[in-house]
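Here is the structure we will look at.
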Amino acid sequence: AVAALGQICRFHWGALDGRGGDYVLMFLNGLPLWDDLDLAGSTHELLMEFVHEGHADLKNHGRQICGIFIDIYGRETSTDELNQAIQNLFTQLGEERLRQMRPPFSDRQLKRIEKISRDAQKFAS
């Protein structure tokens with residue numbers, strides 16, 4: 001249902017009668033997808049598309065979005081293209097800025113941020 005909701009938000013925005021913002025936040029709150037591996041990668045890629053487009057309704061949810069990307073990075077619920085996009089996004093944000101987000105990330109998530117940064121540096125070389 002979450003994947004379908006994301007697709008509706010992406011491709012049928014005009015038909016949502018001005019309530020698209022509510023629906024895109026429901027989509028966000030349903031992520032990450034862990035149980036449906038067939039849809040997880042493409043659904044998480046859709047979230048990245050919203051981020052790249054600067055979707056207005058997601059602007060105040062950067063911490064939550066970064067948390068989703070941290071949790072799925074390098075796992076079977078991501079894709080190679082999405083992992084690269086996460087590396088690029090986190091490089092743009094900077095590790096220090098990520099560490100200062102509130103509420104703070106868990107120690108496990110901070111370690112994953114470090115891994116994403118290391119991986120990004122490896123691919124940049």
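Expressed as a whole number of Å, what is the distance separating the alpha-carbon centroids of region 96-111 and region 38-72? Computed from Cα coordinates, the inter-centre distance equals 17 Å. Would you please classify the overall shape of the chain from the alpha carbon gyration tensor, given that a ≥ b ≥ c denote the square roots of the eigenvalues, rounded means a/c under 1.5, and beyond that prolate means a/b larger than b/c while oblate covers the rest? Prolate, since a/c reaches 1.5 and a/b exceeds b/c.
Sorting the segments 89-99, 72-82 by their mean number of nearby beta carbons within 10 angstrom, highest to lowest, gives 72-82, 89-99. Taking label positions 7 Å along the Cα-Cβ direction at both residue 99 and residue 75, the computed distance is 2.4 nm, reported to one decimal. Short-range pairs are left out: with C-alpha atoms under 8 Å and at least six residues apart, the relative contact order of the chain is 22 percent.
Since every read-out is calculated from the coordinates, none of them should be taken as a lab result. All values reported here derive from a predicted model rather than from experimental measurement. All Cβ positions, glycine included, derive from the backbone under ideal geometry; neighbour counts span all protein chains shown.
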